[in-house]
1. May I ask for the percentage of alpha-carbon pairs in the stretch 1-83 that lie more than 18 Å from each other?
2. For Rg and Dmax of the Cα atoms in Å, the listed values are (1) 19.5, 59; (2) 23.5, 73; (3) 16.0, 51; which was obtained by calculation from the structure presented?
3. Could you work out Rg/(2.2 N^0.38 Å) for the stretch 128-178, with Rg from alpha carbons only?
4. Which of rounded, prolate or oblate describes the stretch 27-73 when judged by the alpha-carbon gyration tensor and an a/c cut-off of 1.5?
5. Using only DSSP helix segments of four residues or longer, with each worth -39500 (n - 2.57), what per-residue ellipticity at 222 nm results for the chain after dividing by its residue count and rounding to 500?
6. If you line up the long axis of helix 19-44 against the longest principal axis of the chain, both from Cα atoms, how many degrees apart are they, to the nearest 10?
7. Pop out the Kirkwood hydrodynamic radius of the stretch 81-172 from its pairwise C-alpha distances, inverse of mean 1/r, in Å to one decimal.
8. Measure nothing but the geometry: give the 0 to 90° angle between the long axis through the Cα atoms of 64-86 and the longest principal axis through the Cα atoms of the chain, rounded to 10°.
Amino acid sequence: MSSRTKWIQVEFIRGSRTFVNLCWACILVCGATGFLLVGFSSCIGKDLIPILSSNQITFLPQGLVMCFYGIAGLFLGLYLWCTVFWNVGSGYNYFDRRKGISSIFRWGFPGKNRRIQIRLVLGDVEAVGLRNQEGLFPSRILYLKVRGRQSIPLTRGENSTPEYMEEKAAELARFLRVSIEGF
């Protein structure tokens, strides 16, 4: 989603709060809870979940390993739920040609560096680039090449079509009146 006038362009970036991440967080927590309960059931000798029988599982080593996997899965699930809740990676790209400034903002993890903001003078922007990675998991990253700094990524590794990302790069380059590289 983006907003554009003659002098200002704002593009909102979606973070970790996606349907896929919510599904994975639910699946991970449910599966890890099942592993933990079956492992604990093998320890006490009584089935805590009637559907999952632990009669054939001895606590050492199978039950202990299942408890370990259950605890590890719960920690990973908690981490994923936290990234979804805090919407890590969301933010915006703001370009103002009239004032000659740019602001790139993202939300991070809580702490003193939760707000990640980069302010640039548009005169320092040399080019808009597009980095393509083909293969099993293709990704396309749109970035700004800035004089005296590292390249600043504007998008994550999106799985968009090459034509869409090329059009997006060309539109931004036209707006900023800079060249395009990486094609």
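1. Values: 1901 of 3403 pairs.
Of all Cα-Cα distances in the stretch 1-83, 56 percent exceed 18 Å.
2. (2)
3. So the Cα radius of gyration is 1.14 times the expected 2.2 N^0.38 Å.
4. Values: a/c = 2.45, a/b = 1.30, b/c = 1.88.
Cα axes put the stretch 27-73 in the oblate bin.
5. Values: 3 runs with 64 residues, N = 183.
Result for the chain, helices only: -12000 deg cm²/dmol.
6. 20 degrees
7. After inverting the pairwise mean of 1/r, the radius is 14.6 Å.
8. Once rounded, one gets 30 degrees.
Values in this text are rule-based calculations from the coordinates and carry no lab data. Note that the structure is predicted; figures quoted are calculated from it, not measured. As a convention, Cβ positions derive from the backbone with ideal geometry for all residues, glycine included, and neighbour counts pool all protein chains shown.
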